[in-house]
There are 2 protein chains.
Amino acid sequence: MGVRSYQQYCAVAKALDVIGDRWTLLIVRELMTSGPSRYTDLLKGLPGIATNLLADRLREMEKSGIVRSWAAPPPVATTLFDLTARGQALRPLLEELGRWGAPMMGVPQISNVFRSHWLVFPFDAYLVDKTPDEPPVKIEVRTGDEPMVIETVDGKVRTRRGAVESPDTVLEGKPGPILGLLSGRLDIAEARQRGLVVHGSQKALRRVVGNWGGAQQV
Amino acid sequence: MGVRSYQQYCAVAKALDVIGDRWTLLIVRELMTSGPSRYTDLLKGLPGIATNLLADRLREMEKSGIVRSWAAPPPVATTLFDLTARGQALRPLLEELGRWGAPMMGVPQISNVFRSHWLVFPFDAYLVDKTPDEPPVKIEVRTGDEPMVIETVDGKVRTRRGAVESPDTVLEGKPGPILGLLSGRLDIAEARQRGLVVHGSQKALRRVVGNWGGAQQV
DNA sequence: CGGCATCCTCTTTGATACTG
DNA sequence: CAGTATCAAAGAGGATGCCG
């Protein structure tokens, strides 16, 4: 088993002893964006992982206290996995990884697979509610395999899976331009040139995009 | 070579493609705490790494743009490595790793090696200057292989290698209790019980330790 | 010395097939 | 559905050699 330790009395090394193995943080990503999940759902959200590796990792993560599993009673009647509090405490780390990785999202390779819910981390890292006293807004994002919703809640911006009845704005197109617009790397004209379709007003967008039409930062 | 990619159009996965290999983030830690370094200095700061792996990683990191190297002219007359701006942008990530890993620093195993400068990340994550308008303070930490200095600069607290002429406070002892005290997990009596010696007043400590004597948090 | 490259062994990963 | 079993390929760890 992959219980190889750096054997260093260092907080960074200790953290990497637990979450530094290949696939581990991507499993955390799945559980964090999807909540309690079945084994097969995890497999679907982790294209490329070998099934034995997923089983190994889940066991190790359970031993190290970041994942727990239990047998759900009927009508679910299956094992469910989710994050413990200690696993949830990895959220700032994943957000920071998403923030650092976002500038490398420019050119989707043909070999790259994509799942809509992976957008949660760059989104939650980039978006802020600039006018939290106004009524809440909802933006629907249509790209990839399922719709996503961006909504303002209690002064924060949350991204989650799902659709919504009457969104203020709908974004439709490929993930590249959507991410470019919401991260501030592209203005709306540039995003449209790259195929983005915006239904509804831009007001909600202006409210949550941190540097609207701003210059890009590293 | 370790150029294995997750092939996912996801910011987290893209980041891990670049910094997810074994040892890579610890090399970043070394360069971030030590500045431009020679190959042999890196080896010393990374006990356990195989020399061929260090050479491999440095090459990969140079290719991916987080490290650069150059031949220093005499009297140094050697290759120097350091972080690019993109590499420096990993600082929040390492701080978050240090923060998440700090609760696991309780029991130093006999097999664990220790270098003083590794304390930088948990320290910088935990310490804040609560009274930035007062004159700056300096705390010297004596543990492990070299002294470290904690100092208040422009409302921030910085930890760095080195000694200082007339510190306000000197902490001397094993790294465990020092880290416990500065992270707020131990109060000063508990730290003393575990062998910590405090020279000088506690005022400077009270000023920078976020939750002085406070209850621990995950 | 400093900065690697080579060789060898062992462990981890990836791909696929199979099972209660 | 939720994994195990099997096996080939890649990566990690350790020792040592080489070259300016």
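The values are calculated or read from the model by the stated rules, or taken from the named source; none is laboratory data. Note that the structure is predicted; figures quoted are calculated from it, not measured. When we count neighbours, we look across all protein chains shown, and the Cβ atoms used for this are built from the backbone with ideal geometry, even at glycine. In case anyone asks, the SASA skips ligands and DNA or RNA and just uses the protein heavy atoms, side chains included. Shrake-Rupley method; radii C 1.70, N 1.55, O 1.52, S 1.80 Å.
Here are the numbers:
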| read-out | value |
| --- | --- |
| Residue match in region A:108-119 (condition: more than 8 Å from chain B (Cβ to nearest Cβ), among the hydroxyl-bearing types (S, T, Y) and open to solvent by 20 Å² or more (accessible area, probe 1.4 Å)) | no |
| Cβ pairs under 8 Å, 6+ apart, first in region A:119-138 and among the acidic types (D, E), second part of a loop (DSSP other than H, G, I, E, B) | A:D129/A:G155 |
| Test: A:P122 is open to solvent by 40 Å² or more (accessible area, probe 1.4 Å) and outside the structural domain of A:T24 (by TED's automatic domain parsing) | no |
| Pair list, Cβ under 8 Å, 6 or more apart: region B:58-75 residue within 20 Å of B:A89 (Cβ to Cβ), other residue part of a loop (DSSP other than H, G, I, E, B) and open to solvent by less than 100 Å² (accessible area, probe 1.4 Å) | B:E60/B:G2; B:E60/B:D21; B:G65/B:T84; B:I66/B:T84; B:I66/B:L90; B:V67/B:T84; B:R68/B:T84 |
| Residue under evaluation A:L58, criteria (1) within 13 Å of DNA strand C (Cβ to nearest atom); (2) within 14 Å of chain B (Cβ to nearest Cβ); (3) open to solvent by less than 40 Å² (accessible area, probe 1.4 Å); (4) in a helix (DSSP H, G or I), criterion not met | (2) |
| Exclusive hit being among the charged types (D, E, K, R) and touching a His at 6+ places or on another chain (Cβ under 6 Å), set A:R161, A:R99 | A:R161 |
| Which listed residue, of B:L42, B:L25, B:L46, is within 19 Å of the chain's Cα centre (by Cα), under 26 Å from A:L119 (Cα atoms) and assigned by TED's automatic domain parsing to the domain that holds B:R68 | B:L25 |
| Region A:70-85, subset away from DNA strand C (no atom under 14 Å from the Cβ) and surrounded by fewer than 16 Cβ atoms within 10 Å (Cβ to Cβ), residue nearest to the other protein chains (Cβ to nearest Cβ) | A:A85 |
| Every residue from region B:34-55 that is more than 10 Å from DNA strand C (Cβ to nearest atom), within 11 Å of B:D82 (Cβ to Cβ) and without any contact (Cβ under 8 Å) to a residue 60 or more places away in the chain | B:G35, B:P36 |
| Test set (1) in the same structural domain as B:G35 (by TED's automatic domain parsing); (2) modelled with pLDDT under 95 - B:G87 fails condition number | (2) |
| Region A:1-31: number of residues that are away from DNA strand C (no atom under 11 Å from the Cβ), more than 8 Å from chain B (Cβ to nearest Cβ) and more than 20 Å from B:E95 (Cβ to Cβ) | 3 |
